[in-house]
């Protein structure tokens, strides 16, 4: 199976349409004085949340309406390089694919233009806990944020 980090476009910041800057904290450091893997996973989550709030509104992410949720079906993270503290990271995110009832967001974390990690997350559109076809008001905004493969 091909690895995410073997796809050259994933390692380039300009491949992603949406970015968010995050300042690392001392709590994000592991015993080797590098940014730890849990912190990187949290940074990816914040990048996806920022993109989803931009596309669908804050309430969709923070206060979903009765029955409508966007849970994950899967998340894959591959680590590329070690991140340093103190410092900030840039989380770059874009839409990789849109299916019948789910969509995939590809993301990467950069520090000083060096890619630290890449990620794919599959999100399912659910109503009342059951997957439903993506409505046009969800599908349409996703197509404005394509990741450039």
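Every number here is computed from the coordinates shown, using simple stated rules; none is lab data. Remember, predicted model here, so these are calculated numbers, not experimental data. Methodologically, a virtual Cβ is constructed for each residue, glycine included, from the backbone with ideal geometry; neighbour enumeration extends over all protein chains shown.
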*What is the distance, in nm, between label points placed 7 Å from the Cα along the Cα-to-Cβ direction at residue 143 and at residue 130?*
2.7
*asked:* Taking the square root of 5 times each eigenvalue of the Cα gyration tensor, what semi-axes in Å does the equivalent ellipsoid of the chain have, largest first?
replied: 27, 17, 13
*In whole angstrom, how far apart do the alpha carbon centroids of segment 88-149 and segment 62-76 sit?*
13
*With labels modelled as points extended 7 Å from the Cα through the Cβ direction, what inter-label distance (nm, one decimal) is found for residue 114 paired with residue 3?*
1.7
_What does DSSP give for segment 61-149 in terms of the percent of beta bridges that are antiparallel, rounded to the nearest 5?_
95
*Proxy reagent accessibility, fewest Cβ within 10 Å first, across 38, 20*: 38, 20
_Can you tell me the orientation of helix 37-56 relative to the chain, as the angle in degrees between its alpha-carbon axis and the longest Cα principal axis, to the nearest 10?_
40
*Residues 145, 53 arranged by fewest to most Cβ contacts within 10 Å*: 53, 145
_Kirkwood-based shape ratio for segment 1-81, expressed as Rg/Rh from alpha carbons_ = 1.01
_Could you work out the relative contact order of segment 4-142? I mean the mean sequence separation of Cα pairs under 8 Å and 6+ apart, divided by the number of residues, in percent._
30
*For residue 59 and residue 97 in the same chain, what is the full-extension length gain: residue separation times 0.36 nm, less their Cα-Cα distance, in nm?*
11.3 nm
